[in-house]
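Report on one structure; see the data block that follows.
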Amino acid sequence: MRVLFFGDVVGTEATQVLARHMDEWRAETRADVVVANVENALVTQLEDPLVSYGLDDELATTLLNAGADILTGGNHSWDKLAPDTAYQRENVLRPHNMVEPSPGRGVFTREVKGRPFVVVNLIGYTALYPPLKARKALDVFEELTFPKDAIVLVDLHAERVIEKRTFTHAIDGRASLVVGTHTHEPTLRLEQFPNGTFFCSDAGMCGPSLGVVGMGPEWYVRQMRGKTKPGFTLASGPIQIGAIVLDTEAEKLERFLPDL
């Protein structure tokens, strides 16, 4: 099985780029299944970047109709004040360990090439801030059971590498791949842990470059100088793509670096 995973999609332009190239990139990577993290796909307001993103049914439909199979989320999944029907879809996920708020689900299973393919979406403590509440990601994962011979992909939405690596060592052998999201910075090192689980600390970002996590740098510079005030923009650079491909038969994990 070949799995194509896209890291955090930031903004509607990046969403449209993915949709426009999805058939081409599926063919190029020979992907059997496509997963994308979309918690930043919708920009809901341009005042406070900590609560400015999310997802709606229109953008979910755009990506799913274009060929994405499963969409995952993170701390921004609920920035939109009233999440609409997007989270009623079985294949549109939010972190499974979330306690509050909790619309939607965090685990999805489908058959791919005759085998169960399971996506587990989790959030780490380093990506949580009030009023978000979640149980420990490891505790919740260890409560799960999977079909025999399942390919299990874990999207662990967390800030710190140490949390992601520790989690992966703890569940090594129970998942096929743990891929980190949230930092928007693609990590070069891709590896396989001793009991067989592949690990990528962060898939990176599908969004505008030349900024800070897809945003114009001005807000973060003001924050660093202690002069915060409302208002930000998305970055002005060309769209960059953060993506990885897992080949379970060849036992290989590699970066996908498409031309735009």
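The values are calculated or read from the model by the stated rules, or taken from the named source; none is laboratory data. The model shown is predicted, which means the values in this text are computed figures rather than measured ones. Backbone-built Cβ (ideal geometry, glycine too); neighbour counts: all protein chains shown.
Remarks
- Applying the criterion of being part of a loop (DSSP other than H, G, I, E, B) and in contact with a Gly (Cβ under 9 Å, 6 or more places away or on another chain) to the residues of region 85-104, the residue that is nearest to Val34 (Cα to Cα) is Leu93.
- Taking the listed residues Gly242, Gly207, Gly173, the one that is at pLDDT 95 or above and over 25 Å from Gly73 (Cβ atoms) is Gly173, with no other qualifying.
- With respect to the conditions (1) touching a helix residue (DSSP H, G or I) at 6+ places or on another chain (Cβ under 9 Å); (2) under 17 Å from Ile70 (Cα atoms), Val33 falls short on a single one, namely (1).
- Every residue from region 178-189 that is surrounded by fewer than 22 Cβ atoms within 10 Å (Cβ to Cβ) and of a type in the set (A, V, I, L, M): Leu188
- Out of Ala41, Ala36, Ala27, Ala31, sole residue that is under 16 Å from the mean Cα position of the chain (by Cα) and closer than 30 Å to Asp149 by Cα: Ala36
- Filtering region 230-260 to residues that are loosely packed, with under 15 Cβ neighbours inside 10 Å, free of Cβ contacts under 8 Å to residues at least 40 places away in the same chain and among the hydrophobic types (A, V, I, L, M, F, W, C) leaves Ala250, Leu257.
- Residues of region 219-229 include at least one that is among the β-branched types (Val, Ile, Thr) and exposed (fewer than 13 other Cβ atoms within 10 Å of the Cβ).
- Just so you know, in region 43-84 the residues that are touching a Phe, Trp or Tyr at 6+ places or on another chain (Cβ under 8 Å) and assigned to a helix (DSSP H, G or I) include one that is modelled with the lowest pLDDT, and it is Leu50.
- For region 73-83, the count of residues that are buried (at least 17 other Cβ atoms within 10 Å of the Cβ), touching a helix residue (DSSP H, G or I) at 6+ places or on another chain (Cβ under 6 Å) and over 25 Å from Val212 (Cα atoms) is zero.
- Extreme residue, nearest to Ser176 (Cα to Cα), among residues of region 202-213 that are crowded, with 17+ Cβ neighbours inside 10 Å and in contact with a helix residue (DSSP H, G or I) (Cβ under 7 Å, 6 or more places away or on another chain): Cys206
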